[in-house]
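**Student:** Have a look at the structure that comes next, please.
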Amino acid sequence: METVYLHGTPCHTYGFMPAIGTKAPCYTLVDKDLKEISCMDFLDRRVVLNIFPSIDTDVCAASVRRFNVEASALENTMVICVSMDLPFAQKRFCAANDIENVVVASAFRSPMFAQKFGLQMVDGPLAGLLARAVIVLDEDRQVIYSQLVNEITTEPDYQAAIAALKK
């Protein structure tokens, strides 16, 4: 169990994030067009998992916008922005914000994603949603970078995630 904070109030997660150097669990999510996507769709590509509570909050929206810009310069890399939001909300957000360089994906059908990655909050005001984290995977799904953002209202360390891809 990990601890993150929402305005200083502790919130706990179900389990632990995959450790650096381990193989990330496979996953199945739903994209903004209600199509299933899985880890198998990104074989031989590096993947940045930008994980957050809800696209309808300022900080979460900012992370999607920022990774949308950063992704356009990343070779052989897919950025997947994951939340529990319904695909309808994700599609609306992408259309309103010209989001074209990242995949937005919902874990609403995949409770195992939240549990396997240790990111489902089990208490606090956001219980049931995903904690804010960035996990970078190499072409073999090995975790090469991870950050569980301590304060949910804080943006992740974009530079560190991008730097992990350049090593």
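The values are calculated or read from the model by the stated rules, or taken from the named source; none is laboratory data. None of these values were measured; they are calculated from a predicted model. Here the Cβ is made from the backbone with ideal geometry for all residues, glycine too, and neighbour counts use every protein chain on show. Remember, those area values only see protein heavy atoms, side chains included, never the ligands or the DNA or RNA. Shrake-Rupley method; radii C 1.70, N 1.55, O 1.52, S 1.80 Å.
**Student:** So which lysines pass the test for Lys32, namely a Cα distance under 23 Å, with those fewer than 8 places away in the same chain ruled out?
**Tutor:** Of all the lysines, those that pass the test against Lys32 - Cα under 23 Å, at least 8 places apart if same chain - are Lys91, Lys116.
**Student:** Using only Cα atoms, locate the centre of the stretch 52-108 and the centre of the stretch 1-41, then give the distance between them in Å, rounded to an integer.
**Tutor:** 15
**Student:** Sort the stretch 27-87 into rounded, prolate or oblate with this rule: let a ≥ b ≥ c be the square roots of the eigenvalues of the Cα gyration tensor; rounded if a/c is under 1.5, and if a/c is not under 1.5, prolate when a/b is larger than b/c, oblate otherwise.
**Tutor:** On the way: a/c = 2.28, a/b = 1.14, b/c = 2.00.
Note, shape of the stretch 27-87 comes out oblate.
**Student:** Enumerate cysteines in the chain without a disulfide-compatible partner, where compatibility requires another Cys Cβ under 4.7 angstrom.
**Tutor:** Cys11, Cys60, Cys81, Cys94
**Student:** Heavy atoms only, probe 1.4 Å: what % of the accessible area of the chain goes to carbon and sulfur, would you let me know? Spell out each step's value before the answer.
**Tutor:** Numbers: 3970 of 7620 Å².
C and S fraction of accessible area: 52 percent.
**Student:** Here's a follow-up. Can you put Tyr5, Tyr145 in order of accessible area, largest first, using a 1.4 Å probe? Before the final figure, lay out each step's value.
**Tutor:** Working: Tyr5 75, Tyr145 35 Å².
In descending accessible area the options line up as Tyr5, Tyr145.
**Student:** Which of these, Ala71, Ala62, Ala24, has the largest mean-square fluctuation under a Gaussian network model of the chain (Cα springs below 10 Å)?
**Tutor:** Looking only at Ala71, Ala62, Ala24, the largest GNM fluctuation is found for Ala62.
**Student:** Per residue of the stretch 18-32, in order, report the coupling 6.51 cos²θ - 1.76 cosθ + 1.60 (Karplus, θ = phi - 60°) as ³J(HN,Hα) in whole Hz, putting x for Gly and Pro.
**Tutor:** x, 6, 4, x, 9, 7, 6, x, 6, 8, 10, 10, 10, 7, 5
**Student:** Which far-off residues, 5 or more places away or on another chain, put their amide H under 5 Å from the one on Glu2, with H placed in the peptide plane?
**Tutor:** Thr13, Gly15
**Student:** OK, next. If you build the convex hull over the alpha carbons only and average its shadow over all orientations, what do you get for the stretch 1-104? Give it in nm² to one decimal. Before the final figure, lay out each step's value.
**Tutor:** Working: hull surface 29.7 nm².
Seen from a random direction, the Cα hull of the stretch 1-104 projects 7.4 nm² on average.
**Student:** Scan the stretch 49-127 for trypsin sites (Lys or Arg not before Pro) in coil per DSSP, keeping those whose Cβ has at most 16 other Cβ atoms within 10 Å, and list them by number. Please report the intermediate quantities before stating the final value.
**Tutor:** On the way: sites: Arg65, Arg66, Lys91, Arg92, Arg109, Lys116; in loops: Arg109.
For trypsin sites (Lys or Arg not before Pro) across the stretch 49-127 that sit outside H, G, I, E and B with at most 16 neighbouring Cβ atoms in 10 Å, the list reads Arg109.
**Student:** Report the antiparallel proportion of the DSSP beta bridges in the chain as a percent, rounded to a multiple of 5. Write down the numbers at each step before the final one.
**Tutor:** Working: 22 of 33 bridges.
If I count the DSSP bridges inside the chain, around 65 percent turn out antiparallel.
**Student:** If you count only protein heavy atoms with a 1.4 Å probe, what accessible area per residue comes out for the chain, rounded to a whole Å²? Please list the in-between numbers first.
**Tutor:** On the way: 7620 Å² over 167 residues.
Value for the chain: 46 Å² per residue.
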